[in-house]
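The block underneath contains the structure these notes are about, expressed in structure tokens.
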Amino acid sequence: MTYIQRRAARVLLIDDKDRALLLRGGDPARPGEHWWFTPGGGLDEGETPAQGAARELFEETGLRVDAAELGEPVHHEVAEFSYRNRHYQQSQHFFVHRVPSWEVSTAGFDADEQQTITEHRWWSAADVEASPEQIFPLDLAGLIRRAGVLGAA
């Protein structure tokens with residue numbers, strides 16, 4: 001199988017109750033299959049992971065942050081997935097950004113996001129562990145807990 005190589009950045013947006021914002025979406029090529037994921041996505045040409053994470057956070061939630069505010073990534077993984085019948089191998093960095101609360105705006109969604117992202121919700125680590133739904137990244141509960149510790153420093 002041939003994979004399209006892709007670089008991405010994602011944000012663990014954590015509120016004052018140590019909950020992470022997740023988006024729910026799916027693949028038009030697989031109707032009826034949905035999963036939850038953190039805000040973020042592919043990097044534009046020449047973009048650093050922090051710049052891409054800040055841009056994606058604004059596009060998907062309406063929250064504008066400076067890339068420097070995101071600091072260093074707290075997690076890295078390589079994910080393999082298919083989307084619209086194409087196979088991807090995505091190297092992605094995760095950043096943490098804390099907010100007291102945030103009212104999500106989807107006004108920045110592009111046409112694809114408007115079609116595929118159907119809802120958003122704040123999740124605690126316990127919510128993630130108790131859910132039967134597909135949630136990515138797989139170790140999200142541990143990342144939320146570690147982000148809570150980072151925020152307490």
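Filter the stretch 57-96 for residues that are among the β-branched types (V, I, T) and outside any loop (DSSP other than H, G, I, E, B); which is surrounded by the fewest Cβ atoms within 10 Å (Cβ to Cβ)? Reasoning before the result, please.
Restricting attention to the stretch 57-96, the residues satisfying the condition of being among the β-branched types (V, I, T) are 61, 65, 74, 78, 96.
The next check asks that each one be outside any loop (DSSP other than H, G, I, E, B); those that pass are 61, 78, 96.
On the way: T61: 22, V78: 9, V96: 22.
In this case the residue turns out to be V78.
G46: touching a residue at least 12 places away in the same chain (Cβ under 8 Å) and closer than 20 Å to A9 by Cα, yes or no? It is false that G46 is touching a residue at least 12 places away in the same chain (Cβ under 8 Å) and closer than 20 Å to A9 by Cα. Of the residues making up the stretch 1-56, those that are among the charged types (D, E, K, R), under 27 Å from R145 (Cβ atoms) and part of a loop (DSSP other than H, G, I, E, B) are D15, D16, K17, D18, R19. For the stretch 47-80, a tally of residues being under 24 Å from Q114 (Cα atoms) and either charged (D, E, K, R) or modelled with pLDDT under 95 (or both) returns 7.
Select from the stretch 97-129 the residues that are farther than 27 Å from I4 by Cβ and part of a strand (DSSP E or B) and list them in ascending order. The answer is H97, R98, E119, R121, W122, W123. Scanning the stretch 130-141 for residues that are in a loop (DSSP other than H, G, I, E, B) and over 13 Å from W35 (Cα atoms) yields a count of 1.
The values are calculated or read from the model by the stated rules, or taken from the named source; none is laboratory data. As the structure is a computational prediction, the values presented were derived from the model and not from experiment. No Cβ is skipped: glycine too gets one built from the backbone with ideal geometry, and neighbour counts run over all protein chains shown.
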